[in-house]
Each structure stands twice: as C-alpha cells, then as structure tokens.
Amino acid sequence: MLEQAILNAAWETLETVGYSGLTLEAVAQRAGTSRPVLHRRWPGRLELAVAALAHRLESVPIIVPDLGNVREELAVLLRRLGERSAPLVRVALNIGTELTVSGSTYAEFREHLLQQVVAPDVFEEVLERGVARGELVAERLTPKVRALPMTLGRHDMIMTSTPPTDSDIYEMLDEIFLPLVSTETVLAP
C-alpha cells in the first residue's frame with residue numbers, strides 16, 4: 001500500500017536525518033513516488049511528520065496483560081512506552097522550532113497526534129483494573145494525578161533522550177504516584 005510506504009519512508013527519514021532533513025522530495029524518493037502524490041495528502045512536512053509519528057505509534061501497539069497487580073502492570077506499561085516512545089520524543093523535540101513559528105504548542109501537537117492514533121487507552125485500562133481490584137481509590141484519580149506517571153516518564157525521556165530505567169519507573173510509582181491513589185500504605189514488595 002502506497003500510504004504505508006510513504007509513512008514508513010517519512011519515519012525512516014525522521015529517524016535518520018531528523019525533522020530538519022524531512023522534505024516531501026526526500027520522502028517521495030525514498031517511497032518510490034513523487035512529491036505531488038505526497039502533497040495531495042499532506043500539505044506540508046509538519047502534517048507528514050505527524051502522520052508518520054501516528055503511524056509509528058499504531059505499528060508498535062502496547063498490550064499490558066492483567067497481572068493481578070496494578071504496580072506491576074503500570075511498570076510494564078511505562079517500560080514499553082519508554083521503549084516505543086524514546087525515538088518519537090526525539091523527533092517531536094526537533095519539531096519545536098516549527099511549532100514556535102506557527103504559534104502552536106507541544107500540547108496542541110500531542111493532541112493532534114493522538115487524534116490520529118486509533119488505539120485503546122492502555123493506561124486507562126490498567127487504572128480501571130486497579131480500581132476494580134480495590135487497589136486504587138477512584139476518587140483520588142483526578143486528571144492531574146492520573147497524568148503523573150506518563151508526565152514523569154515523558155520528562156525523563158526529554159531530559160535524558162533515553163527511556164526511564166526500571167529503577168526510575170519504580171521510584172515514580174512507589175514514591176510519587178501510588179501513595180497518592182493507593183488503598184494500601186505500602187505497595188512495594
């Protein structure tokens with residue numbers, strides 16, 4: 001399928017030369033098509049980059065099985081998100097200049113990206129299982145508290161350009177997130 005070939009070529013271009021080297025011409029050449037074909041679907045490189053990022057997210061789905069323990073499920077989720085997202089974060093940071101010029105923000109960019117991704121919200125599934133098992137207090141899962149694990153993991157990736165380590169993940173969970181939402185005082189083994 002041509003669209004998949006184009007999106008794969010765009011992702012490969014983003015990975016190898018970054019956003020600054022992403023051009024419709026370079027992607028068209030890599031995908032074996034022409035610039036007008038790309039331009040009919042994506043008016044510019046920002047739209048193509050967002051589509052390539054969304055395609056990459058969908059092509060590497062994250063599944064977290066029910067492990068019977070919300071702490072371990074969240075650790076698996078954060079580990080897998082880190083592995084999948086570290087390269088995406090680097091690319092997103094490279095897009096920053098264009099966002100500034102266009103008057104946009106990373107939050108708007110992220111929202112636009114997530115609107116294109118058709119995937120279940122695995123994080124919400126894990127939290128719902130934790131609430132159903134009586135490990136988490138639903139009323140304590142306010143929007144800001146709920147966002148903490150993902151925000152902390154994303155912060156680590158932005159600051160270090162690497163996924164969070166297991167030590168980082170368990171510190172985020174055991175010292176910050178779970179004490180705020182847990183029915184237990186101590187969850188760590």
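The values are calculated or read from the model by the stated rules, or taken from the named source; none is laboratory data. All values derive from a computational prediction rather than experimental measurement. Ideal geometry is used to build each Cβ from the backbone, glycine not excepted, and the neighbour counts take in all protein chains shown.
Identify the residue in the stretch 63-100 that is small (G, A, S) and surrounded by 15 or more Cβ atoms within 10 Å (Cβ to Cβ) and, among all such residues, is modelled with the highest pLDDT. Step through it out loud before you land on a result.
Taking the stretch 63-100 as the starting set, the residues that turn out to be small (G, A, S) are 68, 75, 82, 85-86, 92, 96.
After this cut, where a residue has to be surrounded by 15 or more Cβ atoms within 10 Å (Cβ to Cβ) as well, the list is 75, 82, 85-86, 92.
Numbers: A75: 96, G82: 87, S85: 79, A86: 72, A92: 77.
For the stretch 63-100, the residue satisfying everything is A75.
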Determine whether the stretch 88-106 contains at least one residue that is touching a His at 6+ places or on another chain (Cβ under 8 Å) and either farther than 21 Å from H155 by Cβ or outside the structural domain of E3 (by TED's automatic domain parsing) (or both). no
Kindly indicate whether V64 is touching a residue at least 60 places away in the same chain (Cβ under 8 Å) and either within 18 Å of V126 (Cβ to Cβ) or not assigned by TED's automatic domain parsing to the domain that holds R154 (or both). yes
Exactly one of A9, A52 is touching a residue at least 24 places away in the same chain (Cβ under 8 Å) and either of a type outside the set (D, E) or touching a Phe, Trp or Tyr at 6+ places or on another chain (Cβ under 9 Å) (or both), and that one is A52
Options R35, R40: the member that is exposed (fewer than 15 other Cβ atoms within 10 Å of the Cβ), in contact with an Asp or Glu (Cβ under 7 Å, 6 or more places away or on another chain) and modelled with pLDDT of 90 or more: R35
Listed residues L141, L113; which is closer than 29 Å to E47 by Cα and in the same structural domain as R79 (by TED's automatic domain parsing)? L113
Single match in V91, V64 (criterion: outside any helix (DSSP H, G or I) and of a type in the set (A, V, I, L, M)): V64
Is the stretch 18-32 home to any residue that is outside any helix (DSSP H, G or I), at negative phi and not assigned by TED's automatic domain parsing to the domain that holds E175? yes
Considering the stretch 33-61 alone, what residues qualify as being closer than 16 Å to F109 by Cα, of a type in the set (A, V, I, L, M, F, W, C) and either assigned to a loop (DSSP other than H, G, I, E, B) or more than 14 Å from the chain's Cα centre (by Cα) (or both)? W42, L46, L48, A49
Could we say that R30 is modelled with pLDDT of 85 or more, more than 30 Å from L141 (Cβ to Cβ) and touching a Leu at 6+ places or on another chain (Cβ under 6 Å) here? no
Would a scan of the stretch 9-16 turn up a residue that is closer than 21 Å to T162 by Cα, assigned by TED's automatic domain parsing to the domain that holds E171 and either surrounded by 15 or more Cβ atoms within 10 Å (Cβ to Cβ) or at pLDDT below 85 (or both)? no
Starting from residues that are touching a residue at least 24 places away in the same chain (Cβ under 8 Å) and acidic (D, E), keep the ones in the stretch 104-155 and report whichever is farthest from G82 (Cα to Cα). E135
